[in-house]
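Asks: The structure that follows is given in the form of structure tokens.
Values quoted throughout were computed directly from the atomic coordinates according to the rules given, and no laboratory measurement underlies them. Bear in mind the structure is a predicted one, so any value in this text is a computation, not a measurement. Glycine also receives a Cβ, built like all others from the backbone with ideal geometry; neighbour counts cover every protein chain displayed.
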Amino acid sequence: MPRFTFHRLWAIVLKEFIQMKRDRVTFGIMIGIPLMQLMMFGFAINSDPRHLPAALRVADQGPFARTLVQALRTSDYFAFVHETSDEAEAQRLLQLGDVQFVINIPADFTRQLLRGERPTVLIEADATDPAATGPALAAVNALAATVFNRDLPGPLARLRAKDGPVDFRVHAHYNPENITQFNVVPGLMGVVLTMTMVIITALAITRERERGTMENLLATPVRPFEVIVGKILPYIVVGYIQVSLILVAAHFVFDVPMVGSLPLLYVVSLLFIAANLAVGITFSTLAKNQLQAVQMAFFFFLPSILLSGFMFPFRGMPDWAQAVGSCLPNTHFLRIVRGILLKGNGFSEIAPHLWPLLVFLVIAMTIGVKRYRQTLD
Amino acid sequence: MSPPAAATPTDLAIDVTGVTKRFGEKTVVNAIDLAVRRGEIYGFLGPNGSGKTTFIRMLCGLLTPDAGTGTCLGYDVRSQQAEIKRHVGYMTQKFSYYEDLSIRENLDFIARIYAVPDRRAAVQRSLDRLGLANRSHQIAGQLSGGWKQRLALAACLIHEPKLLLLDEPTAGVDPKARREFWDEIHQLAADGLTVLITTHYMDEAERCHRLAYLAYGHLLTRGTLAEVLAAAKLTTWSITGPDLRTLATTLRDRAGVEQVVAFGNTLHVSGRDAARLTATIAAVRDPRHDWKQITSGLEDVFISLMDEAKDNFA
């Protein structure tokens, strides 16, 4: 029985170090991934999202209404980006996802308050992502009891009923029961597609190069566009199988509502699948070997899951992280899927998220085709 | 075997001058001129790293020459690479078909890429011709070296190219398979195909119509076998007898001695300067040995050329 010897172990260790040193990209990624994770988990991700965009519909111009709005503003949870008196417009803003909340202060707010009738302030929330709305709504409840303490001195103090002078009523749209799965399962579609589509095609050209079949392929009259599109098409079919699987599970296992048009979802999925495949192909032309290609795919996958709004509320992130997130196709696809399934969005509502996907696809494809060399130079 | 009759320019399958390729600081192919007649089997020899593969890749449009001009099948090597690719069959040094596809699937794929008319029939013909028919469903990755080589040859012939570029096609193939391969090459050449082939085997070099020898990116000699041998002006003596090892040590580094090579029980001593070599031999000659002047072999010539090239270019 051969015994353990240190010099043999040392030989392997040394060889591994030498190989690690030769593969600069792998080494760079081993350093880059922890840095990226530090940035994302340390700075970008926030499970207590503040400054959520909200619309105000105030029908009462009295001082109490102003105090209330001011209090909501200083709570830091709301950023009033729209003011409107039109209910239909407010609904549309919610539907488009431009605002997370609509806060309605009724016309006779001051009067009701002074009469001790506990006026109702209706807060309409886009509850597709319960994690995004939860903390803000909790803050509102805390605020309710104390907001008018200064404005109701002396004899008016009796109006500070023990359940507060104002009745905040929350209307959670799209996901009234705040079921997390309703948000996660549709989101998973984007995550699954990003993961598999990018990795599969990232390997496609590197594999040809690694196995030596690339030289042969280059010696034939085949054109770069033919190779790249030829490698993408079969996986579009695979992508659609994945989409269907998730939809079936979403419906039968998780009871996710499907309010909007499924055919529309299938059509726009094509754009997203193609965008991811194009990213994979681009990685494939950049990477020297299959390992590097997988690592690049992982590098892309990490922000796609963390900064896209899949795991953590998008609006809870600082501006720079939102900017990064907005460059990722998954961010837009998540909004499209959630919009169609949960909010019943139609084409006009999702259009603002379609063109970023298209731009992304065109850029990734152009880099891929440009990087693909027709010679071995 | 005699080379095809003297060529006029239109008879040239390959006609390039001054072809140069640099990788960074290193000049891998240095101003090579080459003319290959149609229907000729042209042997390309030279040590590893001499630039043979790079030169072939420039001919078939895989690399762009840094300098030099010329045509391949009448198409410009710099600007008409797409046309060249359509009419050239290139067999890479390393097996480069799909190891996870069967023989037939590989051939089908290549035939589709070249848009071969009546693909099914063409694939079947090529399977039959190279004796692959009853293995057509075998996965290429599981084939032995000889069968992989046949598959590669079948694949690079399927679009009926006019020029075949073979980069060390017989490396790692057994002698019988090598011989069959060469019979096939001669058959193809007889049918009018031009073949440029690189090899390290001297017996294969002797089966070519013409030869060129490349070292350090320079073309050192070319011509028919007889021309190459004559141009080398190498004198070789063959010695048999006892204690050849001592004799070899004695001969090395003497004036006029360039190579001392042991072949089993004989020793070959060669040099380009016949007079000095003869003088040296006269000085060390030992009656126990049998000395005989012989015609220099191709290998002696090539090693001599390489040593000379090392002095000039390395």
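Asks: Once you've got the GNM for chain B with C-alpha springs shorter than 10 Å, pick whichever of B:L277, B:L244, B:L63 has the biggest mean-square fluctuation.
Replies: B:L244
Asks: Enter the per residue convex hull volume of the protein assembly as shown, computed from alpha-carbon coordinates, in Å³ rounded to the nearest integer. Don't skip to the answer; put the middle values down first.
Replies: Working: hull volume 176.7 nm³, N = 691.
Spread over its residues, the Cα hull of the protein assembly as shown gives 256 Å³ apiece.
Asks: When the Debye formula is applied to the Cα atoms of the range B:235-295, each taken as the same point scatterer, what base-10 log of I(q)/I(0) results at q = 0.13, 0.16 Å⁻¹?
Replies: -0.26, -0.40
Asks: Follow-up question, since we're still on this one. Please tell me the relative contact order of the range B:9-223 in percent, rounded to the nearest whole number, where contacts are Cα pairs under 8 Å and at least six residues apart.
Replies: Here the relative contact order equals 30 percent.
Asks: Rounded to the nearest whole Å³, what is the per residue volume of the convex hull around the Cα atoms of the range B:75-216?
Replies: That works out to 128 Å³ per residue.
Asks: Another one. Counting C-alpha atoms alone, how compact is chain A: give Rg to one decimal and Dmax as a whole number, in angstrom.
Replies: In order Rg, Dmax, the Cα atoms of chain A give 26.8, 95 Å.
Asks: Please build a GNM for chain A, connecting alpha carbons under 10 Å apart, and tell me which residue among A:P63, A:P313, A:P303 fluctuates the most.
Replies: Of A:P63, A:P313, A:P303, the most mobile in the Gaussian network model is A:P63.
Asks: Of the GluC sites (Glu not before Pro) in the range A:167-276, which ones lie in a loop per DSSP and count no more than 12 other C-beta atoms within 10 Å?
Replies: Listed in order of number, the matching sites are A:E177.
Asks: Could you work out the relative contact order of chain A, using alpha carbon pairs under 8 angstrom and six or more residues apart, expressed as a whole percent?
Replies: Worked out over chain A, it gives 20 percent.
Asks: Under a 5 Å amide H to amide H cut-off, with H placed in plane at 1.01 Å, what residues pair with B:V28 once short-range neighbours are removed?
Replies: Under 5 Å from the amide H of B:V28: B:K21, B:R22, B:F23.
Asks: Next question. How large is ³J(HN,Hα), in whole Hz, for each residue of the range B:182-197 in order, when computed from phi with the Karplus curve 6.51 cos²θ - 1.76 cosθ + 1.60 and θ = phi - 60°, using x for Gly and Pro?
Replies: Each residue's phi maps through the Karplus curve to give 5, 4, 4, 4, 5, 4, 5, 5, 4, 7, x, 7, 8, 10, 10, 10 Hz.
Asks: Given points 7 Å out from each Cα along the Cα-Cβ axis, report the B:E299 to A:R223 separation in nanometres with one decimal.
Replies: About 5.1 nm, to one decimal.
Asks: In the protein assembly as shown, if the dipole is taken from +1 on Lys/Arg beta carbons and -1 on Asp/Glu beta carbons about the Cα centre, which of A:G212, B:Y201, B:I103 is farthest to the positive end?
Replies: B:Y201
Asks: Where the only charges are on Cβ atoms (+1 Lys, Arg; -1 Asp, Glu), what is the dipole of chain B about its Cα centre, to the nearest 20 debye?
Replies: Here chain B has a charge dipole of around 260 debye.
Asks: Something else now. Taking the Cα centre of the range A:1-129 as origin, work out the dipole magnitude from +1 charges on Lys and Arg Cβ and -1 charges on Asp and Glu Cβ, in debye rounded to 20.
Replies: 1200 debye
Asks: Now, a different point. Give, in nm to one decimal, the length gained when the segment between B:N134 and B:A226 is fully stretched (0.36 nm per residue of separation minus the Cα-Cα distance). Write out the running numbers ahead of the final one.
Replies: On the way: separation 92, 0.36 × 92 = 33.12 nm, distance 4.23 nm.
Separation in residues times 0.36 nm, less the Cα-Cα distance, equals 28.9 nm.
Asks: Let me ask something else. How big is the charge dipole of the protein assembly as shown about its Cα centre, in debye rounded to the nearest 20, if each Lys and Arg gets +1 on its Cβ and each Asp and Glu gets -1 on its Cβ?
Replies: Here the size comes out at about 800 debye.
Asks: Right, another one. Would you kindly work out the equivalent ellipsoid of the range B:40-127 from its C-alpha gyration tensor and give its semi-axes, the square roots of five times the eigenvalues, largest first in whole Å?
Replies: Details: eigenvalues 151, 61, 28 Å².
Semi-axes from the Cα gyration tensor: 27, 17, 12 Å.
Asks: Projected onto the charge dipole of chain A (+1 at Lys/Arg Cβ, -1 at Asp/Glu Cβ, origin at the Cα centre), which of A:I273, A:A287, A:V337 gives the Cα projection farthest towards the positive end?
Replies: Of the candidates, A:A287 comes out farthest on the positive side.
Asks: Please report the Cα spread of the range A:332-375 along all three principal axes, rounded to whole Å, starting with the longest.
Replies: 50, 14, 10
Asks: If you take the C-alpha gyration tensor of the range A:52-173, multiply each eigenvalue by 5 and take the square root, what semi-axes do you get, largest first, in whole Å?
Replies: Values: eigenvalues 124, 46, 26 Å².
Over the Cα atoms of the range A:52-173, the ellipsoid semi-axes are 25, 15, 11 Å.
Asks: While we're looking at this one, here's another question. If each Cα of the range A:63-116 is one equal point scatterer, what is log10 of I(q)/I(0) from the Debye formula at q = 0.18, 0.27 Å⁻¹?
Replies: Each listed q maps to, in turn, -0.69, -1.11.
Asks: Rounded to the nearest whole Å³, what is the per residue volume of the convex hull around the Cα atoms of chain B?
Replies: Values: hull volume 48.1 nm³, N = 314.
Taking the convex hull of the Cα positions in chain B, it is 153 Å³ per residue.
Asks: Hey, which lysines would be in cross-link range of B:K292, C-alpha to C-alpha under 30 Å, not counting anything within fewer than 8 residues on its own chain?
Replies: B:K233, B:K310
Asks: Going through the range A:203-272, which chymotrypsin sites (Phe, Trp or Tyr not before Pro) have at most 16 other Cβ atoms within 10 Å and a DSSP loop state? Before the final figure, lay out each step's value.
Replies: Details: sites: A:F225, A:Y235, A:Y240, A:F252, A:F254, A:Y266, A:F272; in loops: A:F254.
Passing sites in the range A:203-272 are A:F254.
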